[in-house]
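**Student:** Input: one structure, supplied below.
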Amino acid sequence: MIKSIFVDNVEYVPASNNIQNDDGLECCVIRTESAGVFYGFVKSVNGDVVELLNSRRIWRWYGAASLSQLAQEGVTKPEDCKIAMIEPIKTIKGWIEITPLTKDAKESLDGVEEWKM
């Protein structure tokens, strides 16, 4: 991914609708081999290990046909979704795909009430 380019000593950065925190970490949906689906800020990726900050496990979602649509548009039935509490730091082994979240999708997911017993 191009972070920036210089033309005639002027720096240009790509426009993005994706979410970054104050440290420049990108918020993404992460699908794993066996631990399920999460979203959070990607702190690092090292081989098949991803470290997330302020992540939530997505147990069940409605209103998106796939994780690709979920990452672009979010959910349409937040009251039927099950998304767990925020974990300040999470290390996951065995990720399959990492997809950046748009602003609309993150707002939608953040709006889902915390699911716990």
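The values are calculated or read from the model by the stated rules, or taken from the named source; none is laboratory data. Here the structure is a predicted model, which is why all the values come from computation and not from measurement. Ideal geometry is used to build each Cβ from the backbone, glycine not excepted, and the neighbour counts take in all protein chains shown.
**Student:** Just to check your reading of the model, which residue among Ala15, Ala65 is within 24 Å of Glu114 (Cα to Cα), modelled with pLDDT under 95 and more than 13 Å from the chain's Cα centre (by Cα)? Let's see the steps before the verdict.
**Tutor:** Numbers: Ala15 fails: within 24 Å of Glu114 (Cα to Cα).
Selected residue: Ala65, the only one of Ala15, Ala65 that is within 24 Å of Glu114 (Cα to Cα), modelled with pLDDT under 95 and more than 13 Å from the chain's Cα centre (by Cα).
**Student:** Further question: Restricting segment 74-101 to residues that are in contact with a helix residue (DSSP H, G or I) (Cβ under 6 Å, 6 or more places away or on another chain) and closer than 15 Å to Cys27 by Cβ, which is surrounded by the fewest Cβ atoms within 10 Å (Cβ to Cβ)?
**Tutor:** As a first pass, look at segment 74-101 and keep what is in contact with a helix residue (DSSP H, G or I) (Cβ under 6 Å, 6 or more places away or on another chain): 74-75, 99, 101.
Keeping just the survivors that are closer than 15 Å to Cys27 by Cβ gives 74, 99, 101.
Details: Gly74: 24, Thr99: 17, Leu101: 25.
Only one residue fits best here, namely Thr99.
**Student:** Out of the residues in segment 56-68 meeting the condition of being touching a helix residue (DSSP H, G or I) at 6+ places or on another chain (Cβ under 9 Å) and within 26 Å of Asn46 (Cα to Cα), tell me which one is surrounded by the fewest Cβ atoms within 10 Å (Cβ to Cβ).
**Tutor:** Residues of segment 56-68 that are touching a helix residue (DSSP H, G or I) at 6+ places or on another chain (Cβ under 9 Å), as a first pass: 56, 58, 60-64.
Applying the additional criterion that residues be within 26 Å of Asn46 (Cα to Cα) yields 56, 58.
Details: Arg56: 21, Ile58: 23.
Applying the filter and picking the extreme gives Arg56.
**Student:** Still on this model: Among the strands (runs of 3 or more DSSP E) lying completely within segment 14-117, list those that include at least 3 residues that are among the hydrophobic types (A, V, I, L, M, F, W, C). Can you show your working first?
**Tutor:** Numbers: elements: 27-32, 37-46, 49-60, 87-93, 95-100.
Once the strands (runs of 3 or more DSSP E) in segment 14-117 are filtered for at least 3 residues that are among the hydrophobic types (A, V, I, L, M, F, W, C), what remains is 27-32, 37-46, 49-60, 95-100.
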